[in-house]
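Data block below; observations after.
Laboratory data are not the source of any read-out in this text; all were calculated from the coordinates shown. Being a predicted model, the structure only gives us computed values, none of them experimental. Don't worry about glycine lacking a Cβ; one is built from the backbone with ideal geometry, like all the others, and counts go over all protein chains shown.
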Amino acid sequence: MKLSKHAKQNLRADKRVQGKRWGKTYGGFWHNPANAQAFVRATNRYLRALPDEPAVLEVGSADGFLAETVASHLRKLGKHPHVTISDMSAKHLAANPNPRTRKIQADLLTLNLTRTAGRFDVILMRSVLHYFPTLALQTRVLRRLRRHLAPGGVLLLQDSVFERQREADLLTRIFQTKLAPWRFNSTREIQTVTRHAGLRATRVGFAPDIHVTHDDHARRYALTPADTRHIRALIQAVPATDRPHHHLTKNGYTASAASAIYACRAPSTRTT
């Protein structure tokens, strides 16, 4: 399949953690059952309201750990979900062992599943929005996802967010200069991009914060000592009061972010 330049850049940035390696990234954060269950608890109102045989799509799914967790919960509710996972990485998709789960390699900037897979009652998007380096591209992706929602459908979105704009900008600067072409948002910007995409976003809860160190980044992105010094200088340039989630250590740094969860719907739809 043909990938956009942004997808190719993201694949290159994440080349060290694709496929089965993904489950060990950041200490297994994305495969931690407690983190996935926090997502389920926060969104349970919307999951309960789904039809008896809901069409479920996870985008930027990696191996679909979250989608499988949500599907298991839906079955406990007496529902019979039909699950599709989509990712730009074929290695990620191949790591999903469930033969009943449909796997589709796709680029979110050009995603068009409506003819082949129909529309979806719920779309899951966990820690994917920041992979797109501008607000315009993030809005474009969300608009495309909105077109994949069935009438009354809901997009359940989780991403790393910051209350302070300056701290979101700091992490963006760290990534775009040394790690990956990503953009992290403030809570205000999440509302902006969802609104511009024709969605109404309601924050419904939080998953556990994500915590990383310079060693974590070094393993994922092959940082050099010079890269670490550059990142330390970026952090040091921002007053500590404006970056409560970024700290300098003796030889490196630590960073954390809130994992906010939003239910996003077209304004005319409601949850009963």
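Details
- Thr202 being among the polar types (S, T, N, Q) and either free of Cβ contacts under 8 Å to residues at least 60 places away in the same chain or closer than 15 Å to Gly252 by Cα (or both): no
- The set of residues in the range 157-173 that are of a type in the set (D, E, K, R), part of a helix (DSSP H, G or I) and surrounded by 16 or more Cβ atoms within 10 Å (Cβ to Cβ) comprises Glu167, Asp169, Arg173.
- Taking the range 29-137 as the region of interest, the helices (runs of 4 or more DSSP H) fully inside it that hold 1 or more residues being under 21 Å from Phe206 (Cα atoms), among the hydroxyl-bearing types (Ser, Thr, Tyr) and touching a Ser or Thr at 6+ places or on another chain (Cβ under 7 Å) are 33-48.
- Here Ala38, Ala90, Ala94, Ala62 are screened, and the one residue that is among the hydrophobic types (A, V, I, L, M, F, W, C), surrounded by fewer than 22 Cβ atoms within 10 Å (Cβ to Cβ) and closer than 26 Å to Thr254 by Cα is Ala38.
- Looking only at residues in the range 126-145 that are among the β-branched types (Val, Ile, Thr) and crowded, with 17+ Cβ neighbours inside 10 Å, the one that is nearest to the chain's Cα centre (by Cα) is Val128.
- Scanning the range 98-125 for residues that are hydroxyl-bearing (Ser, Thr, Tyr) and surrounded by fewer than 19 Cβ atoms within 10 Å (Cβ to Cβ) returns Thr110, Thr114, Thr116.
- Selection count, the range 130-163, where residues are touching a strand residue (DSSP E or B) at 6+ places or on another chain (Cβ under 9 Å) and within 16 Å of Phe175 (Cα to Cα): 6
Each row is one residue, and each column tells you yes or no for (1) small (Gly, Ala, Ser); (2) in contact (Cβ under 8 Å) with a residue 24 or more places away in the chain; (3) more than 26 Å from Ala150 (Cα to Cα).
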site: His6; (1), (2), (3): no, yes, yes
site: Ala36; (1), (2), (3): yes, yes, no
site: Arg41; (1), (2), (3): no, yes, no
site: Leu57; (1), (2), (3): no, yes, no
site: Ser89; (1), (2), (3): yes, yes, no
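- Exactly one residue out of Leu57, Leu47 is crowded, with 19+ Cβ neighbours inside 10 Å and either farther than 28 Å from Thr116 by Cα or touching a Phe, Trp or Tyr at 6+ places or on another chain (Cβ under 7 Å) (or both), and it is Leu57.
- Among the residues making up the range 68-87, those that are surrounded by 18 or more Cβ atoms within 10 Å (Cβ to Cβ) and among the aliphatic types (A, V, I, L, M) are Val70, Ala71, Leu74, Val83, Ile85.
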